[in-house]
Every structure is written in C-alpha cells, then in structure tokens.
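Enquirer: First, the structure itself, so that you have it in front of you.
The values are calculated or read from the model by the stated rules, or taken from the named source; none is laboratory data. The structure presented is a predicted model; accordingly, all values stated were derived computationally and were not measured. Glycine gets a Cβ as well: all are built from the backbone with ideal geometry, and neighbour counts include every protein chain shown. In case anyone asks, the SASA skips ligands and DNA or RNA and just uses the protein heavy atoms, side chains included. Shrake-Rupley method; radii C 1.70, N 1.55, O 1.52, S 1.80 Å.
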Amino acid sequence: MSDLRAYVANCLMHGETITDLGNGSFIRDTVTFTCEGRKFIVTQRPEVIKNSVSQFTGRFSTTTQIFVPKVAKSAAPEVLAAIDRICWLLSFACQSKVVCYGHDYPAEVPGGKQAVVGTTRFFRPVFEIRDAAVITDFIDQTYPVYAQLEKSRMLNVAIDYQLQADQELLSTECRLVFAFVLLENLKHTYAHKEGIPFVKGFFRVGPNPKDDTIPFKTMLTRMFKAVNMKVDDTRLKAIVALRNDIVHSGVSALSQHDQRAVYDEVQDIVREYLLRLLGFKGSYALYSNVNGAPAVIA
C-alpha cells in the first residue's frame with residue numbers, strides 16, 4: 001500500500017505537535033485527525049505559523065498538506081472524500097474556505113491539481129484556530145455525524161452559504177439574502193429528512209393540496225427543537241419580518257444598524273444549530289461577540 005498526500009489551501013490553524021527543523025529550530029506545525037479509523041496528518045507551512053494572518057487573508061493561500069499513510073489503491077477515492085469532508089469542517093471552524101486543490105498518490109509521485117475557488121479569511125472564527133487541540137477535538141467529535149448527514153442535509157451547501165454571506169464588501173442586504181437562503185436550505189433539508197409532505201410548492205401538515213401549509217417560523221422552531229435548541233420567539237419574529245421585507249422587496253425600512261443586528265443573530269443561530277446538529281459538545285465563540293464569553297453546548 002502507498003501513502004497519499006493532499007494539498008490544501010486557506011487554512012490558518014496552528015499545529016499541536018512539534019517538528020524539529022534542524023539547527024536547533026523547532027516549530028509546532030502538525031496535528032493529527034482520526035477519521036474512519038485512519039490517521040490524517042495535517043502539516044502547516046512554516047509561514048502560516050510564523051507570520052501574521054494579514055499576509056494570507058483576502059487571497060488564495062497554499063497553507064497545508066495532509067498525509068495519509070498506507071492507502072490501498074481501491075481506498076484512495078474514499079480517502080479523498082474524507083479529506084473533502086475534513087476541509088468543509090475546517091471551513092466552518094475557521095470561517096475560511098478551506099479547499100483541497102490536488103493530491104499525490106503514491107505520495108512520492110507528483111499528481112494532478114484541480115481548479116478550486118476560495119480565499120483565506122480570518123474573521124470571527126467559531127474556535128480559536130491557533131489552539132490545535134480545540135480544532136482536533138471539534139473534528140474528531142463531529143466528523144462521523146457530518147459523514148452521515150452531509151448529503152441528506154446538504155451540509156457543504158449550508159457551510160458555503162454561511163461563508164458567502166460573510167464575504168468582504170457585501171452590502172448588509174446582500175448578506176441578509178445569503179443568510180435567509182441558508183435558513184431556507186436548512187429548513188428544507190430538515191423537512192425532507194423528517195418526511196414532512198411537500199405538496200404544490202409548500203410543506204404541509206398533510207399530504208393533500210388543501211392541507212394547511214407550515215409557516216416558515218413554525219418550521220424553524222421545529223427544526224431547532226429537534227436538536228434541543230431554544231430560540232427566543234421575539235428573535236425569530238424579527239428575523240422572519242426582515243426576511244419577508246428583503247425577499248419580497250429587496251429593501252427594508254430598518255436602519256443599517258438594526259439590519260446588521262438581525263444578521264448577527266442569524267449567524268449566531270446557524271452557528272449553534274450546526275454545532276448541535278453535528279453532535280458537538282464544548283465551548284465556541286459567538287459570531288456577535290467573538291471576543292466575549294464563549295457559548296457552551298453541554
């Protein structure tokens with residue numbers, strides 16, 4: 001069996017294990033994830049560890065290699081699929097579009113590269129990305145559930161919408177459009193997974209076209225309850241009201257400050273929901289107050 005090496009971009013996490021570079025030089029640049037019974041050894045470029053994040057943000061940055069030992073040829077596709085899942089989880093954790101842009105298999109034979117899209121971001125990450133133990137715990141906890149739900153809940157789509165909403169230079173209204181589409185996507189995949197009838201363009205309480213439709217807010221409340229998450233009714237009403245304004249007219253009478261406050265609420269809610277959905281237990285940073293006291297899921 002041969003080793004596999006993958007090349008990854010836009011990941012600014014730090015390492016946990018120290019590498020001896022020789023001449024008395026050491027660097028903490030490596031972390032190991034355990035997924036599907038395999039070791040995925042993640043090594044960061046020295047520049048990522050030593051330099052300011054400002055040198056990488058706003059552009060495509062080749063930051064990372066992932067080494068997987070002893071991969072049978074028949075298992076290579078599933079290992080690459082696992083690396084893609086890890087990249088999506090890292091994208092969520094770091095709030096930066098982490099992508100695999102190529103691999104070598106066997107590891108010592110140069111392989112192909114692929115066209116990918118994404119830039120490095122360092123803005124309100126879910127976790128302290130310089131604490132590799134925290135990131136490792138997150139990946140090890142959530143990978144099994146992510147692999148189980150990735151297709152039925154379109155988790156890569158949800159994470160991508162979340163990142164798209166937070167791109168630089170977007171107007172608040174555009175951020176809100178992405179955020180509301182994200183909520184619609186989560187609601188839609190939840191309802192389908194639960195077998196809620198979708199008849200003539202609406203989710204309904206029964207299978208008949210004349211059965212009552214289920215309002216957006218009601219469906220969100222059910223979705224949150226399914227993961228033991230409580231969202232204040234006043235918060236949801238404000239989100240739904242602004243969603244109706246933006247979706248139906250493209251503008252809102254609310255001030256930019258108030259619109260931004262609702263956007264921050266949506267980001268907080270989605271962050272918590274995805275963590276709960278993935279089975280995560282522990283502390284994380286709120287989007288609305290990333291430098292404040294951490295939120296905790298027990």
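Enquirer: Using a probe radius of 1.4 Å on heavy atoms only, what accessible surface per residue do you get for the chain? Whole Å² is fine. Numbers along the way, then the final one.
Expert: Details: 14340 Å² over 298 residues.
Solvent-accessible surface per residue comes out at 48 Å².
Enquirer: For every helix of n ≥ 4 consecutive DSSP H residues, a contribution of -39,500 (n - 2.57) applies; sum these over the chain, divide by its total residues, and give [θ] at 222 nm rounded to the nearest 500 deg cm²/dmol.
Expert: Values: 8 runs with 124 residues, N = 298.
That calculation yields -13500 deg cm²/dmol at 222 nm.
Enquirer: Over segment 77-145, with every protein chain in place, what whole percent of the accessible area is carbon and sulfur at 1.4 Å, could you tell me?
Expert: Values: 1580 of 2750 Å².
Ligands and nucleic acids excluded, carbon and sulfur reach 57 percent.
Enquirer: Please state the charge dipole magnitude for the chain, taken about the Cα centre, from unit charges on C-beta atoms (+1 on K and R, -1 on D and E), reported in debye and rounded to the nearest 20. Intermediate results must be reported in sequence, preceding the final value.
Expert: On the way: 34 positive and 31 negative charges, 111 e Å.
Rounded to the nearest 20 debye, it is 540 debye.
Enquirer: Would you mind classifying segment 124-218 by shape? Square roots of the alpha carbon gyration tensor eigenvalues, ordered a ≥ b ≥ c; an a/c under 1.5 is rounded, otherwise it is prolate if a/b is larger than b/c and oblate if not. Don't jump to the answer; show the numbers that get you there.
Expert: Details: a/c = 3.57, a/b = 1.58, b/c = 2.26.
Taking the square roots of the gyration eigenvalues as a ≥ b ≥ c, segment 124-218 is oblate.
Enquirer: If you roll a 1.4 angstrom probe over the protein chains with everything in place, what fraction of the accessible area of segment 158-289 belongs to carbon and sulfur, to the nearest %? Don't skip to the answer; put the middle values down first.
Expert: On the way: 3460 of 6520 Å².
Answer for segment 158-289 is 53 percent, counting heavy atoms of protein chains only.
Enquirer: Remind me, relative contact order of segment 29-183 in percent, using alpha carbon pairs under 8 angstrom and six or more residues apart? Mind dumping the intermediate values first?
Expert: Values: 177 pairs, mean separation 31.5, N = 155.
The normalised contact order for segment 29-183 reaches 20 percent.
Enquirer: How are the C-alpha pair distances of segment 203-263 spread across 10 Å bins, as whole percents from the shortest bin up?
Expert: 19, 40, 31, 10, 1
Enquirer: Treating only the Cα positions of segment 59-125 as identical point scatterers, give the base-10 log of I(q)/I(0) from the Debye formula at each q in 0.18, 0.20, 0.23, 0.24 Å⁻¹.
Expert: Debye intensities relative to I(0), on a log10 scale: -0.73, -0.87, -1.07, -1.13.
Enquirer: What does the charge count around R59 come to, taking other residues whose C-beta lies under 15 Å from its C-beta (Lys +1, Arg +1, Asp -1, Glu -1)?
Expert: Values: positive: R45, K97, R121; negative: E47, E168.
Once positives and negatives cancel, what remains is +1.
Enquirer: Now, a different point. Give the Rg (one decimal place) followed by the Dmax (whole number) of the chain, computed from C-alpha coordinates and expressed in Å.
Expert: 20.8, 77
Enquirer: Here's a follow-up. Less than 12 Å Cβ to Cβ from N291, Lys/Arg counted +1 and Asp/Glu -1: what total charge do the surrounding residues give?
Expert: Numbers: positive: R124; negative: E128.
It works out to a net charge of 0.
Enquirer: If all Cα-Cα distances of segment 1-106 are sorted into 5 Å bins from 0 onward, what percent lands in each bin, rounded to whole numbers?
Expert: Per 5 Å bin, starting at 0, the Cα pair percentages come out as 2, 12, 23, 24, 18, 13, 6, 2, 0.
Enquirer: Using a simple spin-label model with points 7 Å from Cα along the Cα→Cβ vector, what separation in nm is obtained for R260 and H248?
Expert: Result: 2.8 nm between the two label points.
Enquirer: What FRET efficiency comes out for S74 versus E108 if R0 is 30 angstrom and r is the Cβ-Cβ distance? Round to the nearest 0.05. Please list the in-between numbers first.
Expert: On the way: r = 20 Å, r/R0 = 0.65.
That pair, S74 with E108, gives E of 0.95.
Enquirer: To the nearest 0.05, how large is the calculated FRET efficiency for N23 and M1 if R₀ is 41 Å and r is the Cβ-Cβ distance?
Expert: Details: r = 34 Å, r/R0 = 0.83.
Here the calculated transfer efficiency is 0.75.
Enquirer: When a/c is below 1.5 the answer is rounded, else prolate if a/b is larger than b/c, else oblate, so apply that to segment 219-298 with a ≥ b ≥ c taken from the square roots of the Cα gyration tensor eigenvalues. Kindly include the intermediate steps, with their values, before the conclusion.
Expert: Working: a/c = 2.82, a/b = 1.55, b/c = 1.82.
Judged from the Cα gyration tensor, segment 219-298 comes out oblate (a/c at least 1.5, b/c at or above a/b).
Enquirer: Moving on. If you average the sequence gap of Cα pairs under 8 Å that are 6 or more apart and divide by the length of the chain, what percent do you get for the contact order?
Expert: Numbers: 482 pairs, mean separation 48.3, N = 298.
Normalised by residue count, the contact order of the chain is 16 percent.
Enquirer: Sum up the charges of everything whose Cβ sits under 14 Å from the Cβ of F203, counting Lys and Arg as +1 and Asp and Glu as -1, but leave F203 out. Show your work: numbers first, answer last.
Expert: Values: positive: K187, K193, K200, R204, K217, R222; negative: E184, E194, D211, D212.
Residues close to F203 contribute a combined charge of +2.
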